[in-house]
Structure formats: C-alpha cells, structure tokens
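First up is the structure itself, then whatever we jot down about it.
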Amino acid sequence: MTRPQRLPVTPDPVRPGQESVWDFPRPARLEPVSFHLVVQFAGRTIAETRRGFRAIETSHPPSYYFPPDDVAPGILKPSSARTLCEWKGGAVYFDLVLEGHDAHDAAWSYPRPAPDFAPATDYLAFYPGRVDACFVDGEKVVPQEGSFYGGWITSHVAGPFKGPPGTAGW
C-alpha cells in the first residue's frame with residue numbers, strides 16, 4: 001500500500017482562477033506561455049515578450065524566461081556567479097547596468113540546460129526583487145522571498161511559497 005506524501009505545510013485555499021504551487025510538479029517543468037511579460041529597470045522597459053517560458057516547481061511561484069531578442073541589448077554584463085540546478089542544469093548570471101544604475105546578479109540563463117529545459121536555452125530570467133518592477137499581463141509581480149529564488153508571485157498562484165526563513169526543507 002502506497003501512502004500519500006505528507007506536505008510540510010498546509011496549502012492556502014485556491015480561489016477561482018488560481019493554481020496552487022503545491023500542485024506544481026517535482027521535478028520542475030518548463031512550459032511555453034503567451035502572457036505579456038514585462039521587466040522595468042531604471043525607469044525603462046528592458047524586457048518585454050509574449051514568447052516566454054515559465055518554470056514551475058512544487059512550492060515555488062513561476063519563474064519566467066525571456067527570449068534574448070526581447071531583452072534590451074547591451075544592458076547585461078556577465079557576472080562570476082554560477083549555480084547548478086539538478087533539473088535545469090548550470091546557470092550563469094548577469095549584472096544589469098543601465099544609465100548609472102546597476103543590479104548585481106539580476107538575471108540568469110542556462111546556456112547548456114538539461115534536455116527538458118533545452119527549448120529555453122539562453123533565455124533570460126529576472127529576479128523581480130532586483131529590478132524596479134515585473135508584470136504578468138499587466139499585474140505587478142510580488143518577488144518571492146529570499147535571496148536565492150526568483151519566482152514571480154501574482155494573484156493567479158496560491159502558496160505558501162518557499163523562500164522565507166524556515167522553508168529551506170520544503
């Protein structure tokens with residue numbers, strides 16, 4: 001007999017039009033989206049697309065990935081930061097530099113992702129807490145808590161979300 005896995009928390013109630021992050025898959029999955037995604041920094045729109053991807057994973061709000069052609073040229077400078085995700089592969093990071101404003105490690109990309117994430121090769125994701133604002137279909141995003149995760153919280157996802165102190169074991 002198989003026992004259902006016990007969740008580390010009680011999921012928030014799901015309202016009409018919402019998805020629970022506790023119903024998102026593990027391992028993570030990449031999905032194409034046609035949402036209108038926007039990133040603003042230093043008073044300018046620096047990334048905008050309807051050709052993005054979202055990565056979804058249990059307990060995390062989605063992270064959104066932009067085609068490189070839909071990001072303003074010349075504003076991202078490679079940083080020395082690197083991380084490894086067991087499902088996505090090795091990530092490289094970029095500092096955002098624009099008109100005297102800068103944000104350290106504000107974006108990341110997977111130049112040689114794992115096979116399931118290959119469609120988003122070299123696409124760029126942004127930490128919403130390191131830029132002025134991010135939007136999904138006109139709704140301003142709330143950044144996922146914590147310094148490591150880059151999820152975009154909107155009214156369309158129900159938590160609680162991994163990231164705050166005490167959630168590392170989720």
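The values are calculated or read from the model by the stated rules, or taken from the named source; none is laboratory data. Quick caveat, the model's predicted, so the values are computed rather than measured. Note: ideal-geometry Cβ built from the backbone for every residue, glycine included; neighbour counts use all protein chains shown. When the accessible area is computed, the model is the full protein with side chains, heavy atoms only, and any ligands, DNA or RNA have been set aside. Shrake-Rupley method; radii C 1.70, N 1.55, O 1.52, S 1.80 Å.
Worth pointing out:
A quick yes/no check of all residues on (1) open to solvent by 60 Å² or more (accessible area, probe 1.4 Å); (2) not aromatic (Phe, Trp, Tyr):
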residue	(1), (2)
Trp108	no, no
Asp116	yes, yes
Pro119	yes, yes
Leu124	no, yes
Val131	no, yes
Gln144	no, yes
Tyr149	yes, no
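- Screening Thr154 with (1) of a type in the set (Val, Ile, Thr); (2) more than 17 Å from Thr49 (Cβ to Cβ); (3) out of contact with any Phe, Trp or Tyr (no Cβ under 8 Å at 6 or more places or on another chain) gives one miss only, at (2).
- Scanning the stretch 81-93 for residues that are in contact with a strand residue (DSSP E or B) (Cβ under 7 Å, 6 or more places away or on another chain) and either among the small types (Gly, Ala, Ser) or open to solvent by 40 Å² or more (accessible area, probe 1.4 Å) (or both) turns up Ala81, Arg82, Thr83, Leu84, Gly90, Ala91.
- Odd one out for Asp102 among (1) under 17 Å from Thr49 (Cα atoms); (2) assigned to a strand (DSSP E or B); (3) acidic (Asp, Glu): (1)
- Scanning the stretch 110-138 for residues being within 25 Å of Gly17 (Cα to Cα), over 12 Å from the mean Cα position of the chain (by Cα) and either in a loop (DSSP other than H, G, I, E, B) or of a type in the set (Lys, Arg) (or both) gives a total of 2.
- Residue within the stretch 81-94 that is in a loop (DSSP other than H, G, I, E, B) and over 30 Å from Pro11 (Cα atoms) present: no
- Residue list for the stretch 1-43, restricted to those being within 20 Å of the chain's Cα centre (by Cα), loosely packed, with under 14 Cβ neighbours inside 10 Å and under 25 Å from Ile75 (Cβ atoms): Pro32, Ser34
- Within the stretch 64-90, being touching a Lys or Arg at 6+ places or on another chain (Cβ under 7 Å) and either among the β-branched types (Val, Ile, Thr) or within 25 Å of Arg50 (Cβ to Cβ) (or both) holds for Tyr64, Pro67, Asp70.
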